[in-house]
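Everything on this sheet refers to the single structure shown next.
The values are calculated or read from the model by the stated rules, or taken from the named source; none is laboratory data. Everything quoted here is computed from the prediction, not taken from an experiment. Glycine also receives a Cβ, built like all others from the backbone with ideal geometry; neighbour counts cover every protein chain displayed. Note: accessible area is taken over every heavy atom of the protein model, side chains too, but ligands, DNA and RNA are not part of it. Shrake-Rupley method; radii C 1.70, N 1.55, O 1.52, S 1.80 Å.
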Amino acid sequence: MAKQLVRVQIPGNYKPDEDYQGLEAAVINIERSLKGVQVGLLNITEKTSYGAQLGILNGSGEFLGFNLGVFNLQDCFKGFSFGVLNDYKESTGFKIGGVNGNLSFSSSDEYSSGLDVAIINRAQDEYGLQLGLWNVVKSELNGVQIGIICEADEGKYLQLGLITHRINRDKWYKSFSPFIGFGNKSGNSKKHKE
């Protein structure tokens, strides 16, 4: 439970085993969970947190709210994220960045839903709109991709781009086309529950 509503920390004075409510301002903010705002160079929460993180590096387990940072790294994110790099395993909401998505493609659970606007958008599964120079969905896309290069595999989708690529098609002329592409293969994704 929160002991104070506003805390200005000095380096080395953080308590990573604490749940915090209120405004937290410091160079480094590390909490178990947060209901409020963290402002600092490094903002980290382990568990479910609500509110806003404003900093150079923002990280969390599950975060619901607003992230503004150079690097926003979350396991699960719901809300609005603005950063140079928005890296997540699961995301619902609106993301604006240089790069959006799970950069490793290591998690078969990873999905994104909502609106992704970036130079590069990457997702395992996407439910929504990707708007960027290069848009990639490795597994299932149910939505729209608009960009210079658009790549997707299964799902029901529309691609608008200079080069559109449907991954894993048996013939090259079924795989590539200029300007417009369609997907109508049903995937077997059960990851998106909403």
Sites Ile180 and Phe80 - FRET efficiency at Förster radius 45 Å, r taken between beta-carbons, to 0.05:
0.90
Under the rule of at least 5 residues apart or a separate chain, name every residue whose amide H is placed under 5 Å from the amide H of Leu103.
Tyr88
Enter the accessible area of Ile120 (Å², nearest 10), with the probe set to 1.4 Å and all protein chains included.
50
Do the alpha carbons of any pairs in Lys95/Lys171; Lys47/Lys95; Lys89/Lys171; Lys78/Lys185; Lys35/Lys138; Lys78/Lys138 sit beyond 23 Å of each other, and which pairs?
Lys95/Lys171; Lys89/Lys171; Lys78/Lys185; Lys35/Lys138
In terms of solvent-accessible area of protein heavy atoms at a 1.4 angstrom probe, what is the ranking of Phe176, Phe77, highest value first?
Phe176, Phe77
Any idea what the alpha-carbon Rg over 2.2 N^0.38 Å comes to for segment 26-155?
1.01
If you wrap segment 83-185's Cα atoms in a convex hull and average its projection over all directions, what's the area in nm²?
5.4
